[in-house]
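Below is one structure, written out as structure tokens; comments come after it.
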Amino acid sequence: MKYSNLLFLLPFALLWNSCSDDSDEFLHDQDYDIEFEITGADSFKRSGTFVKTSSQEYIDAYYEWNWGDGSNKEKLVTDTTSHTFLGTDSIFEITLELHDQYTGKLLASTSDTLDFNEYITAPPFDVEASTFTVGTWDTNISWSYLNNDQDDVYATYMTLALDSNYTQLINVFEGTTSTDAEEDAEVARSGLSDYTFKNLEAETTYFFKVRLEELDGPSSNLDGSFTTNNVRPPDVVTSYETMGNAISVYARSNNYITTDTPIDHEFIITTTPALEKTSTENGITKYFKPIGTDATFSITESTTGRPTNTTSPAGTDTYNNQNINVFYKQSTSSGQDLPLPGTVYAQVYDYQGNKVLYIGETKNSATFNAEGMHITFGTNLPAVGNFNLNSGNTKIINNSIGSGSPIGLIGSAGINSYKLKIFSVDADIIIAAVNNDADFASEQHKLVFNDQSVSTSYLATIDELSFKSISSTVTP
């Protein structure tokens with residue numbers, strides 16, 4: 001029974017094998033219809049779209065894409081397929097392969113070439129370079145949007161280098177003060193129309209690239225070069241609004257196109273003769289200067305924070321003596337007489353064996369009771385340096401107040417001690433100025449007078465007093 005079953009089944013088995021062999025022979029020996037087309041490509045995204053155009057279907061075979069970029073082969077699922085290519089090449093050979101379903105054997109293939117250079121996307125922004133503002137240690141480059149589409153820019157990128165091949169890169173944010181530089185650095189998450197490179201070297205040619213990126217799209221590019229200026233001296237500006245013992249000086253850079261933002265530089269000031277610096281604020285330096293003398297200010301500008309810093313030639317300005325012998329400001333309580341008249345002179349006179357300095361309108365005939373201010377030095381004229389003033393040796397006389405009784409100095413908030421700075425003494429010619437030991441700059445050059453025994457209401461101030469006495473010793 002078993003044998004008859006086997007004999008019965010045997011013809012069917014032979015028939016099956018015969019049919020299978022015929023199918024395999026048919027699959028491998030025929031001509032195959034296998035074709036595809038490249039229907040689109042994006043050079044920016046480096047992607048392409050491919051469509052199998054052959055209509056013949058093979059039950060025992062499958063299609064597979066070979067993209068030619070080193071990525072894994074991809075079985076065809078639908079007739080239309082997209083692929084993003086790896087690497088940086090521009091040309092790829094794409095192959096559509098037909099394989100045996102059971103053995104994987106390659107039955108047929110067809111190839112085509114994708115050249116991204118044929119699909120270059122037009123720049124999204126039409127830009128052109130504008131005029132550049134070139135400085136010595138910084139430079140501003142600018143560009144124009146011809147289609148007014150600046151708001152469509154997603155991000156702005158900059159590159160700066162010392163060569164046209166962009167191998168010697170410069171940091172686009174910090175210039176030569178940093179050794180950390182990169183190409184195509186993002187400088188703004190928006191569309192800029194200009195950019196300032198800072199901390200550059202003088203008389204140096206730089207090459208730049210600007211890339212304006214569209215969101216999820218291509219970029220527009222702009223490149224060029226510029227050469228920085230030579231190192232120049234700063235402009236020196238002096239201000240002598242007080243015309244007396246205080247003089248202000250500041251410098252304007254000719255090496256930077258803008259100083260609105262912090263920059264790595266410093267000004268170095270030299271004075272002739274040497275002057276005492278009293279303050280520096282907002283770039284303005286104030287000096288204590290003897291009245292009646294000239295002063296020359298020489299200022300250089302130097303870079304800072306660089307491997308090798310550079311110093312400019314000096315700029316100079318001279319304050320010429322304004323032929324003023326006495327300068328002061330004064331005030332009193334409301335409605336009261338001023339302690340000094342408008343035009344005054346300074347001179348030394350002798351009184352009771354003492355040397356006394358008089359400041360008032362009387363000239364060449366000062367007396368102990370003349371209206372004005374009297375400073376008693378003692379038996380000798382003071383030496384160069386500081387002379388202490390107090391209520392006993394410094395007084396004012398005003399005939400309208402207390403019948404001309406002397407009114408002395410009074411203590412004032414912020415003034416620790418009154419002092420007269422003596423710059424020079426030559427015979428009876430004294431050059432000096434009030435320079436107190438004070439807690440505040442506003443009190444440094446101020447004298448305050450009050451004497452309750454003379455007047456309970458009279459309060460007078462003389463501020464920023466400086467003088468050069470005339471040569472005249474008068475004996476009353």
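The values are calculated or read from the model by the stated rules, or taken from the named source; none is laboratory data. Not measured: the values here are computed from a predicted model. When we count neighbours, we look across all protein chains shown, and the Cβ atoms used for this are built from the backbone with ideal geometry, even at glycine.
Looking at Val210, Val187, which is the one that is touching a Ser or Thr at 6+ places or on another chain (Cβ under 6 Å), assigned to a strand (DSSP E or B) and among the hydrophobic types (A, V, I, L, M, F, W, C)?
Of Val210, Val187, the one residue that is touching a Ser or Thr at 6+ places or on another chain (Cβ under 6 Å), assigned to a strand (DSSP E or B) and among the hydrophobic types (A, V, I, L, M, F, W, C) is Val187.
Among all residue pairs at least 6 apart or on different chains, which show Cβ distances below 7 Å where the first residue, located in region 76-90, is outside the structural domain of Phe50 (by TED's automatic domain parsing) and more than 18 Å from Asn117 (Cβ to Cβ) and the second is among the β-branched types (Val, Ile, Thr) and at pLDDT 95 or above?
Every condition considered, no pair remains.
Quick one: which residue in Glu128, Glu64, Glu93 is under 30 Å from Ala202 (Cβ atoms), of a type in the set (Asp, Glu) and in contact (Cβ under 8 Å) with a residue 12 or more places away in the chain?
Unique residue meeting the criteria: Glu128.
Would you check if Asn398 is buried (at least 19 other Cβ atoms within 10 Å of the Cβ) and either more than 22 Å from Gln444 (Cβ to Cβ) or touching a Gly at 6+ places or on another chain (Cβ under 6 Å) (or both)?
Yes: the conditions hold for Asn398.
Phe173 is checked against (1) aromatic (Phe, Trp, Tyr); (2) touching a residue at least 60 places away in the same chain (Cβ under 8 Å); (3) closer than 16 Å to Asn140 by Cβ and fails just one. What number does that condition carry?
Of everything listed in (1) aromatic (Phe, Trp, Tyr); (2) touching a residue at least 60 places away in the same chain (Cβ under 8 Å); (3) closer than 16 Å to Asn140 by Cβ, Phe173 misses just condition (2).
Out of everything in region 210-227 that is of a type in the set (Asp, Glu) and surrounded by 13 or more Cβ atoms within 10 Å (Cβ to Cβ), what residue ends up being nearest to the chain's Cα centre (by Cα)?
Going through the qualifying residues, I end up with Asp223.
Can you tell me which of Ser55, Ser111 is surrounded by fewer than 16 Cβ atoms within 10 Å (Cβ to Cβ), free of Cβ contacts under 8 Å to residues at least 24 places away in the same chain and not in a loop (DSSP other than H, G, I, E, B)?
The unique qualifying residue is Ser111.
Among (1) modelled with pLDDT under 95; (2) under 23 Å from Asp31 (Cα atoms); (3) acidic (Asp, Glu), there is one condition Glu64 misses while meeting the rest; what is its number?
Against the list (1) modelled with pLDDT under 95; (2) under 23 Å from Asp31 (Cα atoms); (3) acidic (Asp, Glu), Glu64 comes up short only on (1).
Can we say Asn230 is under 24 Å from the mean Cα position of the chain (by Cα), loosely packed, with under 13 Cβ neighbours inside 10 Å and modelled with pLDDT of 90 or more?
When the stated conditions are applied, Asn230 passes them.
Quick grid of which residues meet (1) modelled with pLDDT under 90; (2) surrounded by fewer than 17 Cβ atoms within 10 Å (Cβ to Cβ); (3) not hydroxyl-bearing (Ser, Thr, Tyr):
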{"residue": "Ser253", "(1), (2), (3)": "no, no, no"}
{"residue": "Thr259", "(1), (2), (3)": "yes, yes, no"}
{"residue": "Thr270", "(1), (2), (3)": "no, yes, no"}
{"residue": "Glu276", "(1), (2), (3)": "yes, yes, yes"}
{"residue": "Thr285", "(1), (2), (3)": "no, no, no"}
{"residue": "Phe288", "(1), (2), (3)": "yes, no, yes"}
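Looking at this structure, is Phe44 surrounded by 12 or more Cβ atoms within 10 Å (Cβ to Cβ) and assigned to a loop (DSSP other than H, G, I, E, B)?
The answer is yes for Phe44.
Restricting region 426-449 to residues that are surrounded by fewer than 17 Cβ atoms within 10 Å (Cβ to Cβ) and outside any strand (DSSP E or B), which is modelled with the lowest pLDDT?
Ala441
How about region 249-272: which of its residues are part of a loop (DSSP other than H, G, I, E, B) and of a type in the set (Asp, Glu)?
Asp260, Asp264
May I ask you to list the residues in region 114-156 that are within 25 Å of Ser43 (Cβ to Cβ) and part of a strand (DSSP E or B)?
Matches in region 114-156: Leu114, Asp115, Val127, Glu128, Ala129, Trp143, Tyr145, Val153, Tyr154, Ala155, Thr156.
Name the residue, out of Leu192, Leu200, that is touching a residue at least 60 places away in the same chain (Cβ under 8 Å) and buried (at least 16 other Cβ atoms within 10 Å of the Cβ).
Step by step, each of Leu192, Leu200 is checked, and only Leu200 is touching a residue at least 60 places away in the same chain (Cβ under 8 Å) and buried (at least 16 other Cβ atoms within 10 Å of the Cβ).
Looking only at strands (runs of 3 or more DSSP E) that fall completely inside region 343-399, which ones have 2 or more residues that are farther than 18 Å from Lys329 by Cβ and more than 54 Å from the chain's Cα centre (by Cα)?
Filter on region 343-399 gives 345-351, 354-360, 372-378.
Restricting attention to region 409-418, which residues are at pLDDT 95 or above and either of a type in the set (Gly, Ala, Ser) or within 16 Å of Ala441 (Cα to Cα) (or both)?
Correct list: Ile415, Asn416, Ser417, Tyr418.
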